Structures are given as C-alpha cells and as structure tokens.
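Scroll down for the structure; my scribbles are underneath it.
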Amino acid sequence: MTIIKWSPAREIASLQQGINRLFEDVFSQSGDDAGDAMGAWRPPVDIIDTGKAIIIYAEIPGVDKAAVTIEVKDNVLSISGERTVDPGAGKGSYMRSERVFGKFQRSFALPAMIPTEKIAARFKHGVLKITIPKPEAERPRQVSIKVE
C-alpha cells in the first residue's frame, strides 16, 4: 500500500475544479437542443420504446393546445410552443414566483425509415403524448428456383 502525503492545496484545487464543472453544467448554453439559454424552460419528457412504437410523453401544463407545434424534418422531431402568463395572476405583488413562462423547444432524433405520416399526438391533462410507429421489419422472402 502506497502512502500519499496529504496536501491541502491539492484538495482545494480538486474542489475548485468540481465547482467549475458544476457552474459550466448549469450555466452553459450547450445541450441536446440548440438555442438553450440559462433559465429557459425545458419541459421534461419520458421516451418509451414499446417494440411497435416509440412514445414520447412531454409535460407541458398550462400550455394551450393551439400553442404547441410538432414538426418532423430530416428525421428530427421538434416540439415547440409557448406558455404565457395568466393575465389575472399579475394583479398583486408577487411574494414568490417559481413557474417558468415563455417559449420552449425540444428536439429528438428519430430512427431512419419512420413513417412520418403515421405519427399521432394527443394532449390530455397537460401531458402531450406523441406516438411514433416503427416501420414493419422486412420479412424474409423465399425465391423459387426453376429447374430446367
């Protein structure tokens, strides 16, 4: 067993690196979605593979169905929309405000050969459900051989 001499300077440097990584993760503008910014609203999603379909659940409470857009382009599915402030909510002085308002966008890469015309979406109780059917697997086919 090797004995390593304790160095407070090394411990402080390690702590500083950890804090720097934390701030970079929280305040960086990079992410899986282009255009993310500090404090931007990113609705949480669950993505489930059922074997026959991929299902995306996105929590977007307080968003009107008409304010949500779903697009598929170049095998990328994008969900965007906007949650607006209730005009009646701002009549007093806020004691605390934790809800986030504004525009949002989430993008997800889709597997190749997805039949985009069969993608379906439902919106119920603030949860958007997008069902993306998988293409039917190619079945092996037999080729008959003629004997001459």
For the pair Leu22 and Thr50, what calculated FRET efficiency results from E = 1/(1 + (r/R0)^6), where r is the Cβ-Cβ distance and R0 = 30 Å, to the nearest 0.05?
0.25
With every protein chain in place, the stretch 52-148: carbon and sulfur % of accessible area (1.4 Å)
51 percent
Interchain or sequence-distant (5+) residues whose placed amide H lies within less than 5 Å of the amide H of Ile54 are Ile132, Lys134
If you roll a 1.4 Å probe over the heavy atoms of the protein chains, what accessible area per residue do you get for the stretch 53-128, in Å²?
71 Å²
Taking θ = phi - 60°, what integer Hz values does the Karplus form 6.51 cos²θ - 1.76 cosθ + 1.60 yield along the stretch 98-104, in sequence order, with x for Gly and Pro?
10, 6, 9, 10, x, 7, 9
Would you tell me the accessible area of Asp49, worked out with a 1.4 angstrom probe on the heavy atoms of the protein chains, in Å² to the nearest 10?
100 Å²
Cα-centre dipole for the stretch 88-139 with unit charges at Cβ (Lys and Arg positive, Asp and Glu negative), debye to 20
320 debye
The simple spin-label model distance between Val127 and Ala66, using points 7 Å out along Cα→Cβ, in nm, is 2.6 nm
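The values are calculated or read from the model by the stated rules, or taken from the named source; none is laboratory data. Just so we're clear, the structure is a prediction, and the values are computed from it rather than from any experiment. All Cβ positions, even for glycine, are placed from backbone atoms using ideal geometry, and neighbour counts span all protein chains on display. Note: areas computed on protein heavy atoms with side chains; ligands, DNA, RNA excluded. Shrake-Rupley method; radii C 1.70, N 1.55, O 1.52, S 1.80 Å.
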